[in-house]
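Take a look at the structure below.
No lab work stands behind these numbers, since they all come straight from the coordinates. What you see is a predicted model, and the numbers here were worked out from it, not measured in a lab. Cβ placement follows ideal geometry from the backbone for every residue including glycine, while neighbour counts extend to all protein chains displayed.
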Amino acid sequence: MTSNLTNYHSHSLYCDGHAPIRDFLDEAVRQGFTSYGVSPHAPLPWTTRWTMLALELPVFIHEMHRLREEYKERLELYCGLEIDHIDQDINPQAGIFKNLTLDYKIGSVHLIHNQAGRLVDIDLNVEKFRKAVDDSFSGDVEYVVGKYFEAQMEMAGTGGFDILGHMDKISFNVESYRPGLTSSRFYTDKVERLLELATSKSYIIEVNTKAYAKQGVTFIGRAHYHLLKDMGAKVVVNSDSHYPSLINAGRMEALHDLKEAGIKEVMELHGGKWCNVAIGSV
């Protein structure tokens, strides 16, 4: 199987996606996907505009199991969650997630603490990110970068997940805020340290293509693909789709660039197991 038409980072109306799960699955079938995973933003201890509610967890899992049976002749369907790491109590290892019948978990960081200890959302567009840095972090973008990677290092050490989600998603906004910072030793050292820890623990590293169509970038960025190769990282290409029409956005371009960097295989779920699958003709 060499089509590489898979996606395991996908949202829906359970969180901040813009369509029911079935719409994403029908589009995946139409495009010839071989396997597909749905991974809502997992609940936090407080209500947000972008995470599902705790009471929806069993409803979501029940629906996924029903849809898996319904689509079994057309598509391998997998049930996941994207879980935030906030601190030692709120993370993918938390008890609320331990006994769920999930196929995989994505560990991600979207919020960090500022100098006063207040939790701030930094997963924003360029303009809102700039305002957040100026207003909530006194303009100290290096502090923001440091706390962002510190949280991911802590998450990697704590565990409880399979895929390290969009590990330098902050890069586009940081580069827009201060051009040149993401190519500095200050930034690249943090990327390298996180990759070293993550690969040592056998996490799958996500190449997230969500921003490729609009911004021409992936997370982890192309500048770091050589590190994935050198460290022998396990890699998965995901679109982080919030719209059915974007489930395949940026995939072929990312696979092409990975192949150019010397990476010959990506991780895919088949038969309920993670497999190394050769990157086909792209």
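Could you tell me which residue of the stretch 220-253 is farthest from Glu27 (Cα to Cα), considering only residues that are part of a loop (DSSP other than H, G, I, E, B) and among the hydrophobic types (A, V, I, L, M, F, W, C)?
The extreme case among them is Met231.
Taking the options Leu269, Leu227, name whichever one is touching a helix residue (DSSP H, G or I) at 6+ places or on another chain (Cβ under 6 Å) and not small (Gly, Ala, Ser).
Selected residue: Leu227, the only one of Leu269, Leu227 that is touching a helix residue (DSSP H, G or I) at 6+ places or on another chain (Cβ under 6 Å) and not small (Gly, Ala, Ser).
Can you find, within the stretch 194-213, the residue that is nearest to His242 (Cα to Cα) among those that are small (Gly, Ala, Ser) and surrounded by fewer than 21 Cβ atoms within 10 Å (Cβ to Cβ)?
Looking at residues that are small (Gly, Ala, Ser) and surrounded by fewer than 21 Cβ atoms within 10 Å (Cβ to Cβ), I get Ala211.
Which one is nearest to the chain's Cα centre (by Cα) among residues in the stretch 259-278 that are outside any strand (DSSP E or B) and within 28 Å of Ser12 (Cα to Cα)?
Gly272
What residue, of Lys169, Lys131, is basic (Lys, Arg) and not in a helix (DSSP H, G or I)?
Lys169
Of the residues in the stretch 192-235, how many are among the aliphatic types (A, V, I, L, M), in contact (Cβ under 8 Å) with a residue 40 or more places away in the chain and out of contact with any Ser or Thr (no Cβ under 8 Å at 6 or more places or on another chain)?
5
Which members of the stretch 25-54 meet the condition of being in a helix (DSSP H, G or I) and either surrounded by 24 or more Cβ atoms within 10 Å (Cβ to Cβ) or not hydrophobic (A, V, I, L, M, F, W, C) (or both)?
Selection gives Leu25, Asp26, Glu27, Ala28, Arg30, Gln31.
Which count do you get for residues in the stretch 91-119 that are assigned to a strand (DSSP E or B) and either basic (Lys, Arg) or over 19 Å from the mean Cα position of the chain (by Cα) (or both)?
Number of matching residues: 3.
Considering only residues that are aliphatic (A, V, I, L, M) and not in a helix (DSSP H, G or I), look in the stretch 55-81 and name the one that is nearest to Ala42 (Cα to Cα).
Across the stretch 55-81, the extreme among qualifying residues is Leu81.
For Phe161, work out the one condition from (1) under 22 Å from Arg49 (Cα atoms); (2) in a loop (DSSP other than H, G, I, E, B); (3) under 17 Å from the mean Cα position of the chain (by Cα) it doesn't fulfil.
Condition not satisfied by Phe161: (1).
Out of the residues in the stretch 220-253 that are polar (S, T, N, Q) and farther than 14 Å from Ile204 by Cα, state the one that is surrounded by the most Cβ atoms within 10 Å (Cβ to Cβ).
Looking at the filtered set, the residue picked out is Ser241.
Output yes when any residue across the stretch 179-193 is among the aliphatic types (A, V, I, L, M), on the phi < 0 side of the Ramachandran plot and surrounded by 17 or more Cβ atoms within 10 Å (Cβ to Cβ), and no when none is.
yes
Looking at (1) surrounded by 18 or more Cβ atoms within 10 Å (Cβ to Cβ); (2) in a helix (DSSP H, G or I); (3) not small (Gly, Ala, Ser), find the lone condition where His256 falls short.
(1)
Out of the residues in the stretch 5-58 meeting the condition of being in contact (Cβ under 8 Å) with a residue 24 or more places away in the chain and β-branched (Val, Ile, Thr), tell me which one is farthest from Gln93 (Cα to Cα).
Val29
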